[in-house]
Amino acid sequence: MTATERNSTPAGPPTDVDAAFLDNATYRSLGEQTLSPAEERFERGRRTVGLFLAPAVTLVFALLPLDLARDQHLLAAVLLGVIVLWITEPVPIPIGGLIGIGAIVVLGVVPANDALAPFGSTTVFTFIGAFILAQAMLRHGLARRFAMFVLSMRWVGASTYRVVIAFGAITALLSAFVSNTATVAMLLPTAIGILSVIAKLLQSKGLVAADFDPLRLRIGVALMLMLAYGASVGGLLTPVGTPPNLIGRGLIEEATGERISFLDWMLMAAPICLLMFVALALVLLVLNKPEIRRIEGVSEYVRAERAELGRFSVAERNTLIAFGATVFCWVFPGIIALTAGTESSLYETVSGRLNEGIVAVLGASLLFVLPTDWGKREFTLAWSDAARIDWGTVLLFGTGIIFGSLLADTGLALTIGEGSADLLGLTNTFAITVFAVLLAIVISETTSNTASAAVVVPIVIPVAMAAGIDPFVPALAATFAASFGFMLPVSTPQNAIVYGSGIVPITKMIRSGASFDVLGALLIVIVLPGMIDLVLGSVGG
């Protein structure tokens, strides 16, 4: 907002920044946001168009004379309509997904029980547990302490750009050994804490209107998307960084007989991850330029805030215990993988029993067991606090998992892949690699990255073999690209988590995600074959 706009707009009561972040929501009506007249016209038009466009797209596609099985045809039609609902938001995004699920059952694509079964996914329970932990960290001020620590780092200083980059680097390094979902879940409260500090600084210095909306700051969009996308970039660094890596590596080793060691994987992935991180920082900071480049007086502000926070309260200590125990259990399988290897029975046992969803709900449960006042039977978190988590995100990602599983179960993903390969007449390594990367990214936009790897890699390997090409390069490229899909909240769990903060509008996620999809695809296609040749010699040549 410009100075002119601030001065000409009647000032309302000062914004309570802490309350705004504690009571966020994934979807807010126009009346619940602080919008300029131009922004309000755009939002009203976008949502109105979607109300009519979504059913029209669904109906037209369903009536097209395509050579598809009935269930695949109807699933594709409904999914296209739902994507229109997600992009234009005529209804809350979680409701758009539920409308789609209802439609596929009513149209007889699958029975209701089969359609709703994926809601039992462990990822859904990861969200629930992680959101409850985050609520406790925000409620008791622990997230604020972590934020102060990051802002007090010497290199970060007073630069909003360095704040975003430093936080992204921390995220990427952690996600190389901890699951992307767990990494984003554990760092989300700190990101919100940092943003609340910046919002208060802007407010105290009169750089925003008194009644500004702290959930609509561009620095917030950059920070949140750096958290989500940075985890995806870091997850590529090791075989255990994200499930698609393990899936792709297993399928490649089975098809080619070539084993990819932990070290070989890291050597091939490291330059790509570094270049992707640089590209990510450029994309996010150019498209979501922070309102202010330097935060003057940040060191004094941080010192004053730390002094005001004082010593750890009982509730903070309890929250730290629950959070620490959860993080340790999330990290422990990665430690086993580094020491004993991912093929060991110990790793399989530990990773199976310390499932991230189960760990998340058990960690959250500690908040209701650790007392703050035993005499009054008061505990760290009350259910009324926990019930305020964003259930919309839980519903949203549950519907995303359903569509992802149906793409595989109905054979629609396989039909798309094989049909595209036949149509394009792929005959060389470069062409098949480009096809593999594009297909993996497109499919991962509407399904989980795990489902994308499980669907695309088995398509790419026989396509390459049929053309007389070694499948190593295109299959590994597809594995890397499966971790992409940055445009929609349902593309990856980490996208859904940051969308659940209420800070990232869907239009900003699509614009930033599409730009990074393109740059990431180019980096994989250009750099990966050279790194494979350098690290593994003639393999994949």
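The values are calculated or read from the model by the stated rules, or taken from the named source; none is laboratory data. Computed from a prediction, not measured in an experiment: that's the story for all the values here. Here the Cβ is made from the backbone with ideal geometry for all residues, glycine too, and neighbour counts use every protein chain on show. Heavy atoms of the whole protein, side chains included, go into the accessibility calculation; ligands, DNA and RNA do not. Shrake-Rupley method; radii C 1.70, N 1.55, O 1.52, S 1.80 Å.
For this structure, a couple of remarks:
- Under 5 Å, built H, 5+ apart or other chain: amide partners of S159: I295
- DSSP-assigned coil residues among GluC sites (Glu not before Pro) in segment 316-400, each with at most 10 further Cβ atoms within 10 Å: E343
- Here H140 sits with roughly 40 square angstrom of accessible surface, probe radius 1.4 Å.
- Our coupling estimate for segment 385-390, obtained by passing each phi through the Karplus curve with A = 6.51, B = -1.76, C = 1.60 and θ = phi - 60°, is 6, 5, 5, 8, 5, 7 Hz, Gly and Pro reported as x.
- Note on segment 364-423: with neighbouring protein chains present and a 1.4 Å probe, carbon and sulfur make up 61 percent of its accessible heavy-atom surface.
- Nonpolar atom fraction for segment 224-299, defined as the carbon and sulfur part of the 1.4 Å probe accessible area, stands at 66 percent.
- Principal-axis analysis of the Cα atoms of the chain puts helix 218-235 at an angle of about 40° to the longest axis.
- Largest accessible area first, the residues L251, L275 order themselves as L275, L251 under a 1.4 Å probe with ligands, DNA and RNA left out.
- Residue-averaged 222 nm ellipticity for the chain, from DSSP H runs of 4+ at -39500 (n - 2.57), nearest 500: -23500 deg cm²/dmol
- Over the chain, accessible surface divided per residue gives 40 Å², non-protein components excluded, 1.4 Å probe.
- The string of couplings for segment 449-464 from the Karplus curve (6.51, -1.76, 1.60, θ = phi - 60°) is 5, 5, 5, 4, 5, 5, 8, 7, 4, x, 7, 5, 4, x, 4, 5 Hz, one whole number per residue in order, with x for Gly and Pro.
- For segment 66-77, putting each phi into the Karplus relation 6.51 cos²θ - 1.76 cosθ + 1.60 with θ = phi - 60° gives couplings of 9, 7, 10, 4, 4, 5, 5, 4, 5, 4, 4, 5 Hz, in residue order, rounded to whole numbers and with x for Gly and Pro.
- In the chain, the longest principal axis of the Cα atoms and the axis of helix 472-481 are about 30 degrees apart.
- With Cα atoms, 0 to 90° folded angle of helix 506-536 axis to the chain main axis: 50
- Chain lengthening between T122 and L519 when straightened (0.36 nm per residue, less Cα-Cα): 139.8 nm
- Once each of the trypsin sites (Lys or Arg not before Pro) sitting in a DSSP loop with at most 14 other beta-carbon atoms within 10 Å is removed, the chain keeps 378-541 as its longest stretch.
- T242 accessible area, 1.4 Å probe, all protein chains in place, Å² to nearest 10: 10
- The count of lysine pairs in the chain that are at least 8 places apart or cross chains, and whose C-alpha atoms lie under 26 Å apart, stands at 4.
- Amide H within-cut-off set for T372, under 5 Å, with H built and near neighbours excluded: E378, F379, T380
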